[in-house]
Amino acid sequence: MEWELRTRLAKGENAPEITLELLSTSALVDALLAEELQFIVTDFPLENDLVVSTGFFMEQLYLSVPPDHPYTMQKEISLDDLSDLTMLLRSDLGIWQPLVDRLSKTKFIVQKDWDAFEELVSASSLPSFSTNITQSASENNTQRTHIPISDIEATKTFYLSVLKKNRAILAQLTQG
């Protein structure tokens with residue numbers, strides 16, 4: 001999510017200077033209401049009389065497989081289909097971690113370093129996860145088939161929220 005956020009907010013000549021903080025949802029909301037933050041991004045719209053929220057971007061989870069993998073020809077796949085697979089996984093998954101934690105029948109080889117993870121994916125026949133956002137940043141994007149995961153929890157919509165009195169910030173961040 002951080003890549004997409006930085007990319008979207010860096011567009012234009014008068015792009016605002018952005019400092020990102022990863023906080024719990026309650027800490028984000030409290031900081032926004034206390035005017036310690038000018039805007040926040042969450043995976044749900046805030047329902048508060050002082051706040052306005054708008055859809056900002058969507059992230060879709062995919063299973064990424066090499067060309068010779070048995071799943072290559074599938075148009076979509078479910079999380080249940082991942083049972084008994086061994087997969088490469090990058091650590092620090094953020095919003096996706098609870099979903100991955102539920103996959104108790106899937107075996108994961110976890111790599112913390114992004115570059116090392118990319119090398120493992122490139123050299124391996126094991127599947128991995130990707131998203132519509134990480135695919136554009138990956139060197140392995142064209143070497144793999146990306147199969148969308150059909151479960152509803154494999155798609156996240158992110159919302160940008162500001163105090164109503166700061167609607168101009170919302171307009172500035174969503175223009176373009």
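One table, with the values for the structure above:
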| item | result |
| --- | --- |
| Options 124, 136; residue that is of a type in the set (S, T, N, Q) and either more than 30 Å from residue 174 (Cβ to Cβ) or open to solvent by less than 40 Å² (accessible area, probe 1.4 Å) (or both) | 124 |
| Selection from region 82-99 of residues that are out of contact with any strand residue (DSSP E or B) (no Cβ under 7 Å at 6 or more places or on another chain), open to solvent by less than 50 Å² (accessible area, probe 1.4 Å) and either of a type in the set (Ser, Thr, Tyr) or at pLDDT below 90 (or both) | 83, 93 |
| Candidates 75, 112 - the one that is of a type in the set (Lys, Arg) and out of contact with any Asp or Glu (no Cβ under 9 Å at 6 or more places or on another chain) | 75 |
| Residue within region 54-62 that is within 22 Å of residue 154 (Cβ to Cβ) and touching a Leu at 6+ places or on another chain (Cβ under 6 Å) present | yes |
| Boolean, residue 19 is of a type in the set (Ser, Thr, Tyr), within 30 Å of residue 172 (Cα to Cα) and part of a loop (DSSP other than H, G, I, E, B) | yes |
| Helices (runs of 4 or more DSSP H) fully within region 96-155 counting 3 or more residues that are closer than 18 Å to residue 70 by Cα and over 17 Å from the mean Cα position of the chain (by Cα) | 114-123 |
| Among residues of region 152-173, those that are open to solvent by 40 Å² or more (accessible area, probe 1.4 Å) and either farther than 30 Å from residue 103 by Cα or in contact (Cβ under 8 Å) with a residue 24 or more places away in the chain (or both), counted | 12 |
| Residue within region 73-81 that is open to solvent by 20 Å² or more (accessible area, probe 1.4 Å) and closer than 22 Å to residue 19 by Cα present | no |
| Cross-chain or 6+ apart pairs with Cβ under 9 Å, region 18-45 first and in contact (Cβ under 8 Å) with a residue 12 or more places away in the chain, then open to solvent by 40 Å² or more (accessible area, probe 1.4 Å) and among the basic types (Lys, Arg) | 18/6; 20/6; 43/156 |
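The values are calculated or read from the model by the stated rules, or taken from the named source; none is laboratory data. Computed from a predicted model, the values in this text were never measured in an experiment. Cβ: placed from backbone, ideal geometry, glycine included. Neighbour counts: every protein chain shown. Protein only, heavy atoms only, side chains kept; ligands, DNA and RNA dropped before computing areas. Shrake-Rupley method; radii C 1.70, N 1.55, O 1.52, S 1.80 Å.
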